[in-house]
1. Within the range 193-200, can one find any residue that is in a helix (DSSP H, G or I), open to solvent by less than 70 Å² (accessible area, probe 1.4 Å), touching a helix residue (DSSP H, G or I) at 6+ places or on another chain (Cβ under 8 Å) and under 21 Å from Val47 (Cα atoms)?
2. Please find, within the range 62-91, the residue that is most open to solvent (accessible area, probe 1.4 Å) out of those that are at pLDDT 85 or above and closer than 29 Å to Val183 by Cβ.
3. Based on what the data block shows, is Met233 open to solvent by less than 40 Å² (accessible area, probe 1.4 Å), of a type outside the set (S, T, N, Q) and out of contact with any Asp or Glu (no Cβ under 8 Å at 6 or more places or on another chain)?
4. Residues in the range 92-102 that are part of a strand (DSSP E or B) and either without any contact (Cβ under 8 Å) to a residue 40 or more places away in the chain or open to solvent by 10 Å² or more (accessible area, probe 1.4 Å) (or both): how many?
5. Name the residue, out of Arg16, Arg9, Arg57, that is basic (Lys, Arg) and touching a residue at least 60 places away in the same chain (Cβ under 8 Å).
6. On the basis of being more than 28 Å from Tyr5 (Cα to Cα) and in contact (Cβ under 8 Å) with a residue 40 or more places away in the chain, does Leu152 make the cut?
7. Do you know which of the residues in the range 1-53 that are under 15 Å from Leu116 (Cα atoms) and of a type in the set (Asp, Glu) is least open to solvent (accessible area, probe 1.4 Å)?
8. How many residues are buried (at least 19 other Cβ atoms within 10 Å of the Cβ) and not in a helix (DSSP H, G or I) if we restrict to the range 201-214?
Amino acid sequence: MLIQYEQPRPQVALIRLNRPEKMNAFSIPLERDLLSGIRRACDDEDVRVVIFAGAGRAFSGGWDLGETDLTDAEHHPLSGRAGRHTWLELIRTLRRPDKLFIAAVHGYAAGQGLELCIASDLIVCADSARFYFAETRVGFNMTSGTAKLLPLLVGLGQARRLALLGQTIDATEALRIGLVVEVASEGRHEASALRLAEEALKGAPLALAAQKQLLDDALGMPLEAVQDFETQMSFRLTSTEDHQEAKRAFAEKRKPEFKGR
């Protein structure tokens, strides 16, 4: 298998890219296996957080240029005939509000590998991490909605620097510009992602899903529409069992036990 799927703790799935001899470079078979792994996690109602990681010495070196002839529409990775839009389906699945996706990076995250990270909800990395948009250096362009998501993460100026100049940045710089939310010591990046997952799991499932949906949908809405949307969502959440449990737990000075209802 080109991915490894495991559950390191309850409610958390870890999907590890497993093509280490190629620095986990993407191919159509790897895309399909990764999508299958994501579907498995999404079909499991007990899984609330999905962590992406890479086997070997890197997260991913990007698209494997030796894999296919990109001038051939039958085999182009974004062709409906070749991949049945596997990659776009995969990326769009990451916007499901009921799942939180965290990328745990070590070594290089380049090209398509970096796009997977940016499409996730959070990125953490080891201090060995290096981030690189290789597209202009290989005569290609970014995909996955990165042209919108990257400026939202790091600002338009930094997005232009990364995308147009093809500069490699290290973990310290990635943290400074807001690309990653946390830098861990070498070998501790997956543990760091697990710790963030545990923090997320302390929240009520419906509330966490609402927060993710609000952040995503608000990007394309006027301010007043966002305010109305937030208010409507709040009224729905106040009627949930989890909200009532949170009120009881507060009064009884104990931790709430959320059920996702």
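1. So far as the range 193-200 goes, yes, one or more of its residues are in a helix (DSSP H, G or I), open to solvent by less than 70 Å² (accessible area, probe 1.4 Å), touching a helix residue (DSSP H, G or I) at 6+ places or on another chain (Cβ under 8 Å) and under 21 Å from Val47 (Cα atoms).
2. Here the answer is Trp63.
3. When the stated conditions are applied, Met233 passes them.
4. 1
5. Just a single option satisfies the conditions, and that option is Arg9.
6. yes
7. Glu31
8. Counting residues in the range 201-214 that are buried (at least 19 other Cβ atoms within 10 Å of the Cβ) and not in a helix (DSSP H, G or I) gives 1.
The values are calculated or read from the model by the stated rules, or taken from the named source; none is laboratory data. Because the structure is a prediction, the values reported are computed rather than measured. Quick reminder, even Gly has a Cβ in these numbers, built from the backbone with ideal geometry, and neighbours come from all protein chains shown. Remember, those area values only see protein heavy atoms, side chains included, never the ligands or the DNA or RNA. Shrake-Rupley method; radii C 1.70, N 1.55, O 1.52, S 1.80 Å.
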